[in-house]
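The values are calculated or read from the model by the stated rules, or taken from the named source; none is laboratory data. Because the structure is a prediction, the values reported are computed rather than measured. Heads up, the Cβs are rebuilt from the backbone with ideal geometry, glycines too, and the neighbour counts pull from every protein chain shown. Remember, those area values only see protein heavy atoms, side chains included, never the ligands or the DNA or RNA. Shrake-Rupley method; radii C 1.70, N 1.55, O 1.52, S 1.80 Å.
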Amino acid sequence: MDLRRKLEILADAAKYDASCASSGGQRRDSLAGGIGSTTGMGICHSFAPDGRCIALLKILLTNVCVFDCLYCVNRRSSNVPRARFTVDEVVRLTLGFYKRNMIEGLFLSSGIIRTPDHTMEELVRVVRCLRLDHGFRGYIHLKTIAEASPELVEEAGRYADRLSVNMELPTEQGLATLAPDKTLPAIRRSMGQLHRRIEETQAERRAPRFAPAGQSTQMIVGADGADDRTLLRTSDTLYRRFRLKRVYYSAFSPIPDTSHALPSKAPPLVREHRLYQADWLLRFYGFGVEEIGGAGGMLDLDIDPKMAWALAHRDHFPVDLNTAPRETLLRVPGLGVRMVDRLIDSRRHRRLRLEDLGRMRVPLRKITPFVVTADHRPTRLLDREHLRALLAPPPEQLSLF
Amino acid sequence: MPDITLSHPADVDGWRTAARRLLADGVPPVSVTWTVAGEQPSLFADDPAPLMEPPTGTVRVPRRFVELADMALRHSDPERFALLYGLLWRVNRDDRGVLHDPADPLVRRAESLERAVRRDIHHMTAFLRFRAVETADGDGGKDDDGPYVAWFDPAHHVVEAAVPFFVHRFAAMRWSILTPRRCAHWDGRAVRFSPGVTRDAAPDGDALDDLWRTYYAATFNPARVNPAVLQTNMPKRYWENLPEASLIPDLVKGAAERARGMVEAAPTAPSRFGRAVERTRR
């Protein structure tokens, strides 16, 4: 099989992993040798027609897999074509694309071949070769195979910027039905091990490098019956317990040779979007997980979760932009973290008026019902029953087919 | 009426020297004319001013201003030099805190220039592509260190500001970045700048383009097609320079049918490999 065909198969096999970050961790350059750099800020070098960023060469080493996770394109029972890269092929592709400024680095994962240790060993061979033989200083995201031996994970962490173990489904029951080869305790053990090593390395300045950009995970949305509240509670626990850098949500989408044990209809992509917004509220806006996640455990698809919270808590409003503390401003719909900080900067110099907000490009239509400025006070607007209708976007056809 | 002539469109150092001098002499912003050598002079320009001596006293400005000016002065807006001097005047005369008021109209304008320049630099680091230049012994696809040539058409005068990124990342390679505004050349030790060139001076393709297109098409998920988000993040003006962009129309057009095909496909029997593994694992 030629390289082009392998690339086609093994990129197709890897694309259902939503993680694309190439940021965080240490800064490096190649002034003293080697090739590549990391700036701390990720760069998206292209965008696919699905709107997702292409920052890394995202491939599997092989899509042969002994597991049979029903949502996965690479499950052993699937009839998709199989391929396997050699170490040298991955290294050549990575360096070739990198030197042309097409990528920030490599995202490498693999189907489970033979045993977890054997698979992990193969992955480590690739990144060892990139780092040691070629002095590669670009970004590397490596999948950690659950239940691989600590020595292999240790070596993986020395070469990779980020390590990740995918949760895939938030409940034991979901895994038992759809991913019978995986178990929650094993996944948690792997995350716990990564967490411990990352913490130890950060605590000790001279410690050998271990995944400086931290760990992340992914959960599939809509393949099992888990509702948004269950997903968000799981994320909240992962952020607090294992200090994950990111939880990715991947709306289950039709795959080639799809399993008919799965729901025939994919969840609306906007559900995934709302989960990301809620996830942001947990991490950067001071919201507790029990405060978000609407009626029946599902987020409102029509309005963003902060707006939904505000409409359900009208007694917290209006908020005076000239006097309210930061944590209160963060709860105003339409105000992001950066905008809140700019407002705080600005109000040291002036009493904020609507025209000031306009100049700072605050979305006025969205926030005026909720805020007081020097020249504005919402009147009956907050009580109006149809405020929700006023603020929700007109219904649009979200699906193209 | 001082008429300041800067030596090139991104002459931040020249502007700084002149601005300090003007400030030390108490020259108010309204009476200064700024031009760039070789560009259209203003209608009533006097003879170009002699090269300015740096002022003797020091002018102290907040660090934030230096940072802001260093970016905003690279914008293509012809007003940029006057605007920044106007702001410097205010910062220095009466209102040091003004820089921290994002609602101030002048600060707002300067910040919008700064933002546009930063975005342009970011786009350059993202969408510029090096192409291996065929040499007598090279085959383009092999693991060599150049020479590589890139073409890019920035919206502002950002070549100088973007070059350190490429030096840090590709220090071991030899490369040239060609743009209509200015070109930069790295020989492994130092950067040399030269005047801008036209598109036809740069190579058009690279041996790896086909593999990259293969990757691009394969990493796209047709069940999630969303060309609007693609265009917001990767504006069309860059497409001409990206080998993968030629695939976009067809990928978008065929997406719905591919996704439907996946949903409607009849169930298949488990693969032979799958059945074999199944037996061993039971």
**Asked** What does the highest-first list of B:13-23, A:214-224, A:310-320, B:262-272 look like by mean Cβ count within 10 Å?
**Response** A:214-224, B:13-23, A:310-320, B:262-272
**Message:** Along its three principal axes, how long is segment B:128-201 when you only count alpha carbons? Whole Å, largest extent first please.
**Reply:** 36, 27, 17
**Request:** State, to one decimal in nm, how far the label point of A:Glu355 lies from the label point of A:Glu199, with both points 7 Å from Cα in the Cβ direction.
**Result:** 5.5
**Message:** Out of the total accessible area of chain A (probe 1.4 Å, heavy atoms of protein only), what percent is carbon and sulfur?
**Reply:** 51
**Item:** Beta bridges per DSSP with both ends in chain A, % antiparallel, nearest 5
**Value:** 15
**Prompt:** If we count every other residue with Cβ under 13 angstrom of B:Leu242's Cβ, Lys/Arg +1 and Asp/Glu -1, where does the sum land?
**Reply:** 0
**Message:** Run the simple label-point estimate for B:Ala201 and A:Asp375 please: 7 Å along Cα→C-beta, distance reported in nm.
**Reply:** 5.1
**Prompt:** Using 19 Å as the cut-off for backbone N distance, which residues of segment B:59-81 belong to the label zone defined by a point 7 Å from the Cα of B:Asp25 along Cα→Cβ?
**Reply:** B:59-60, B:81
**Message:** What are the ³J(HN,Hα) couplings of segment A:197-203, residue after residue, when phi is run through the Karplus curve with 6.51, -1.76, 1.60 and θ = phi - 60°? Round to Hz, x for glycine and proline.
**Reply:** 5, 5, 4, 4, 5, 5, 6
**Request:** Set the Förster radius R0 to 51 Å, insert the Cβ-Cβ distance between A:Arg243 and B:Glu134 as r into 1/(1 + (r/R0)^6), and round the FRET efficiency to 0.05.
**Result:** 0.55
**Asked** Are any of the pairs A:Lys99/A:Lys265; A:Lys6/A:Lys99; A:Lys58/A:Lys366 more than 30 Å apart by Cα-Cα distance, and if so, which?
**Response** A:Lys99/A:Lys265; A:Lys58/A:Lys366
**Asked** Hey, what does the equivalent ellipsoid look like for the protein assembly as shown, semi-axes from the Cα gyration tensor as sqrt of 5 times each eigenvalue, largest first, whole Å?
**Response** 46, 35, 23
**Item:** Unit Cα scatterers, Debye sum, chain B: log10 I(q)/I(0) for q = 0.08, 0.12 Å⁻¹
**Value:** -0.52, -0.91
**chain A, Rg to Rh (Cα coordinates; Rh as Kirkwood inverse mean 1/r)** = 1.01
**Complete:** Between B:Met1 and B:Lys253, the two model label points (7 Å from Cα along the beta-carbon direction) sit apart by a distance in nm of 5.8
**Prompt:** Considering only chain B, what is the antiparallel percent among its DSSP beta bridges, to the nearest 5?
**Reply:** 60
**Request:** Choose one of A:Leu108, A:Leu311, A:Val124: the residue whose Cα lies farthest towards the positive end of the charge dipole of the protein assembly as shown (beta-carbon charges +1 Lys, Arg; -1 Asp, Glu; about the Cα centre).
**Result:** A:Leu311
**Prompt:** Cross-link partners among aspartates and glutamates for A:Lys182, C-alpha distance below 20 Å, same-chain residues fewer than 8 apart left out?
**Reply:** A:Asp17, A:Asp68, A:Asp117, A:Glu121, A:Glu147, A:Glu168, A:Glu172, A:Asp224, B:Glu278
**Asked** Total Å² of accessible surface buried at the A-B contact, 1.4 Å probe, nearest 100?
**Response** 6400
**Prompt:** Hey, got the dipole for the protein assembly as shown? About the Cα centre, +1 on K and R Cβ, -1 on D and E Cβ, debye to the nearest 20?
**Reply:** 1480
**Asked** Mind checking which lysines have their C-alpha under 19 Å from B:Lys253, skipping anything on the same chain fewer than 8 residues away?
**Response** B:Lys236
**Message:** Suppose we keep just the DSSP beta bridges with both residues in segment B:128-201; what percent of those would be antiparallel, to 5?
**Reply:** 75
**Prompt:** Within 10 Å of each Cβ of A:11-23, how many other protein chain Cβ atoms are there on average?
**Reply:** 2
**Item:** Cα-based Rg of segment A:43-196 normalised by 2.2 N^0.38 Å, two decimals
**Value:** 1.06
